[in-house]
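To start, the structure itself, in structure tokens.
Derivation of every value follows stated rules applied to the coordinates shown; laboratory data play no part. Small disclaimer: the values here were computed from a predicted structure and weren't measured. With ideal geometry, Cβ positions are generated from the backbone for all residues, glycine too; neighbour counts draw on all protein chains shown.
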Amino acid sequence: MRDVRYDVERSLDRVDNAMRDAERAPDEGRIDSARTEIQSAARCLPEAQERLARIYERDERDIKAMGARLDALEWSVQQLNAASFKLDSGEALIIAAPAEWTETTGDRRDMDGVLYLTDRRVLFEEKERTGAFLGLFGGRKQQALTWAVALNDIEDVSGEDRGILGTHHMLYLSSRPGAEPAKITIEIKRSADNPEWVAFIRQAKAGGYEPELR
């Protein structure tokens, strides 16, 4: 913005100097020079407006992105406060997201719930109402920690968009040999972004959040 202001002021200064020269000695050359500077300043102002608009658009995008991140963090804290489990002593929440996980052992069942990432683990808590009429009336509330895997046990994490329009945001976790569960496939929902979650988990594994959290 300082650069824009400087360019506009410099252009207006040239107009002012040219006008003063023309006033002192109003010959054809000085008048033409003043006219040229005025035309140049007239072109400069719309360009300056466009530059300022681009600056504000970028700032607006950044502010909206920050607002969305703060909303996600507020939601995450609310979910943890209402969770059926407690974090270990010294363990800190990083982010949470609504998610769906399919249980493949025994009776296959899709579970809606919340996926949590802390500085130590990835956890999934089932949180839904099952057996409800039209998904709204009656039924039974299900809420329990279904599984948790330590970050140190995760060897690989990746993401993929499935479906015709790529609307299913899948997250894949692979554990080291001997660790359980060996492989996890989970869909994160709403505005949660799987590439972002891949980055979150990788940064948490690398200890990237520890200085911020402590």
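Look at the alpha carbon pairs under 8 Å that are at least 6 residues apart: their mean separation over the length of the chain gives a relative contact order of 13 percent. Simple rule: put +1 on each Lys or Arg Cβ and -1 on each Asp or Glu Cβ in the stretch 2-73, find the dipole, and look at ALA68, VAL4, ALA41; the Cα lying farthest toward the positive end is ALA68.
Rg/Rh, computed from the Cα trace of the stretch 42-122 with Rh as the Kirkwood radius, has the value 1.31. Straight-distance candidates among the lysines for linking to LYS141, with alpha-carbon spacing under 25 Å and chain neighbours fewer than 8 residues away dropped: LYS86, LYS127, LYS189. Once Rh is set to the Kirkwood radius over Cα pairs, what Stokes-Einstein translational diffusion coefficient, in µm²/s, holds for the stretch 2-73 at a temperature of 10 °C and a viscosity of 1.306 mPa s? So the translational diffusion coefficient is about 108 µm²/s.
Where the alpha-carbon atoms of the stretch 86-213 are placed on the principal axes, they occupy 47, 38, 30 Å, in descending order. Our coupling estimate for the stretch 75-87, obtained by passing each phi through the Karplus curve with A = 6.51, B = -1.76, C = 1.60 and θ = phi - 60°, is 4, 4, 5, 4, 5, 5, 5, 9, 6, 8, 9, 10, 6 Hz, Gly and Pro reported as x. Ignoring lysines fewer than eight residues from LYS205 along the same chain, the ones with Cα atoms less than 20 angstrom from its Cα are LYS183.
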